[in-house]
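Right, one structure below, let's go through it.
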Amino acid sequence: MLKTILNHLKADWYKYVIEVIVVILGILIAYNLEQWSETRNNKKREIEVLKEFKSALSADLSEMRDNIRMHEYSIESSKIILSVINNNLPYHDSLDACFAHTHAFTTFSGRVGPIEQLKNTNLAIVSNDSLRLEIVSMYDEAYPRIRLVELAIKRDYEQLRDFDRLYFEAYDVDAVSTNKHIPAPFWGIMRPLRFTDLKTNPGYAALLRARISNQVGLLRGHYKPAEKALSHLLNELDQEIKRLE
């Protein structure tokens with residue numbers, strides 16, 4: 001019996017070798033197909049994630065630029081009012097828009113939905129290491145620093161509200177600014193009731209000077225660097241999406 005089996009194997013050995021090879025090839029092909037499918041799905045998911053970041057960061061950049069413009073108007077308005085005070089100039093209705101702009105403060109939204117969702121799943125889905133670090137740094141470092149500095153600007157605004165109760169009418173959202181260089185903000189203009197008393201109050205001028213300092217610090221140290229970093233990051237995202245597609 002054993003001799004018969006051995007003789008059979010000797011005669012047909014090549015058939016069994018071929019069968020073994022076919023089985024191994026089948027396993028390898030199935031494994032490679034599975035790997036290819038997984039890689040393809042991961043790439044598809046990565047592209048979706050990067051597009052979500054691009055959408056959120058584009059909105060952040062637009063908001064950042066609006067905030068920069070608002071603070072630039074506010075700084076210029078405070079400087080105009082301080083010039084009027086320092087030179088003891090008379091009131092003019094073109095100042096009403098400037099008074100309103102001194103109250104500008106911003107609270108940067110920083111849309112964190114995509115990064116929070118990614119942290120809850122797997123940050124490694126973003127395969128480009130440098131791009132992933134750049135994204136995380138924006139959300140975990142730049143954005144929180146901005147919000148801390150914004151708090152100082154908001155405290156200045158709250159102190160200005162004390163002067164409002166003493167020296168100003170309520171915001172007039174329907175009035176048209178007569179200032180040719182500074183448009184009225186969306187919350188309206190402010191018209192002083194006791195301009196002479198306001199000019200001679202040293203606390204008001206001191207608060208405007210402190211406010212200018214804080215706003216310049218916010219712009220130079222945080223908003224404008226973040227604007228530049230966001231522009232660069234969006235460009236990097238565009239390039240990575242094109243590479244993956």
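On the basis of being within 24 Å of M70 (Cα to Cα) and among the basic types (K, R), does R243 make the cut? Break it down into steps so the answer makes sense when it comes.
Values: within 24 Å of M70 (Cα to Cα): no; among the basic types (K, R): yes.
So R243 fails the test.
When S37, S78 are checked against the criterion of being in a helix (DSSP H, G or I) and either under 30 Å from A206 (Cα atoms) or modelled with pLDDT of 95 or more (or both), S78 stands alone in meeting it.
Out of all the residues in the range 66-122, which are acidic (D, E) and over 19 Å from A210 (Cα atoms)? Of everything in the range 66-122, those that are acidic (D, E) and over 19 Å from A210 (Cα atoms) turn out to be D66, D93, D96, E116.
The values are calculated or read from the model by the stated rules, or taken from the named source; none is laboratory data. A quick note: this is a predicted structure, and the numbers were derived from the prediction, not measured.
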